[in-house]
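What follows is one structure encoded as structure tokens, with my remarks underneath.
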């Protein structure tokens, strides 16, 4: 399994927004800005069950992460792969994501919303720049 | 055809890097950081004929543009659509892209490289934030 080189780990640990792309039922890529965590070498993010991205991933697990260092376009990380979906029933994961971005409260999810942890199993990793 | 609301035009005219996604032969989304121009309401960027993105678009014109305001994650623009490909034989287009990003010289393309102008014909436009 390809791994993200150490040169770009520091970039992945700063609270930047990333671009997560799934494939919509139309076949077009759907890209959204997301918070994420870089945990034990893996890219993980949180989704609510009513989100289109979640439904896209149930139908097609193809998922690509892209991060551009906002201070310079020269540093980027792309992780292309397959999403695995696990429940986050006590919201422990989403709370840890929010903490990384400076929020110490749980999200205000609706009563019918379920939280899931998405982990990208990488097929391709590309980095640009020195990190 | 959906259009990008005026609220986000100023963001699109600043020289930020965007994320361009095509679909690789594997079926996975391929995302790369790109320079672009916002011209007459359309998203346009330049590609060399040897780039994987160019070959992806020849096989499948599905193409998604995503821009996140680097000063705040709250402003984003997504344009999902179909790429049209036109030649840029005198490099006039790529020179205008480079000018937007502060470079007043033509790109150093190889002798076997052809330049193309990619324009996204939008199927879906999504904006987040106030622009």
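FYI, it's all coordinate maths here, none of it is from the lab. A quick note: this is a predicted structure, and the numbers were derived from the prediction, not measured. Here Cβ is always computed from backbone atoms with ideal geometry, including for glycine, and neighbour counts include all displayed protein chains.
How far, in nm to one decimal, is residue B:101 from itself in the other copies if the label point is set 7 angstrom along Cα toward Cβ? Shortest first, please.
2.7
Hey, with R₀ at 25 Å, roughly what FRET efficiency would residue B:58 and residue A:126 work out to, going by the Cβ-Cβ distance, to 0.05?
0.75
Given R₀ = 25 Å, FRET efficiency for residue A:71-residue B:10 by Cβ-Cβ distance, to 0.05?
With R0 = 25 Å, the Cβ-Cβ based efficiency is 0.75.
Taking the highest mean first, how do the peptides B:69-75, B:28-34 order by number of other beta carbon atoms within 10 angstrom per residue?
Output ranking for B:69-75, B:28-34: B:28-34, B:69-75.
Quantify how strongly other chains surround peptide B:63-76 by giving the mean number of their Cβ atoms within 10 Å of each of its Cβ atoms.
Other-chain Cβ atoms within 10 Å of each residue's Cβ, averaged: 5.
Other chains' Cβ within 10 Å of A:13-25 residues: what's the mean?
If you average over the peptide's residues, the count of other-chain Cβ atoms is 4.
Counting other beta carbons within 10 Å of each residue's own, what order do B:121, A:6, A:86 fall into, fewest first?
Arranged by neighbour count, lowest to highest, B:121, A:6, A:86 become A:6, A:86, B:121.
Determine which residues of the range B:40-80 fall in the zone a paramagnetic label at residue B:96 would reach in this model, i.e. backbone nitrogen under 16 Å from the point 7 Å along Cα→Cβ.
Label zone hits: B:40-47.
Measuring from a point 7 Å out along Cα→Cβ, what nm distances, shortest first, does residue B:58 have to its partners in the other copies?
So the label point of residue B:58 gives 3.9 nm to the other copies.
Identify, for chain B, the residue whose C-beta comes nearest the rotation axis onto chain A, and round that distance to whole Å.
B:70, 2
Between residue A:82 and the same site in the other copies, what are the distances in nm, shortest first, taking label points 7 Å from Cα along the C-beta direction?
For residue A:82, the inter-copy label distances come out at 3.1 nm.
Using a Gaussian network for chain A with springs between C-alpha atoms less than 10 Å apart, which of these wobbles most: A:40, A:114, A:88?
Result for chain A, Cα springs under 10 Å: A:40 fluctuates most.
Using a 10 angstrom cutoff on alpha carbons, build the Gaussian network for chain B and name the most mobile of B:101, B:116, B:54.
With Cα springs under 10 Å in chain B, the top fluctuation among B:101, B:116, B:54 is at B:101.
When the Cα centres of the range B:71-131 and the range A:105-123 are compared, how far apart do they sit, in Å?
33 Å
How do A:94, A:77 line up, fewest other C-beta atoms within 10 Å first?
Exposure proxy ranking, most exposed first: A:94, A:77.
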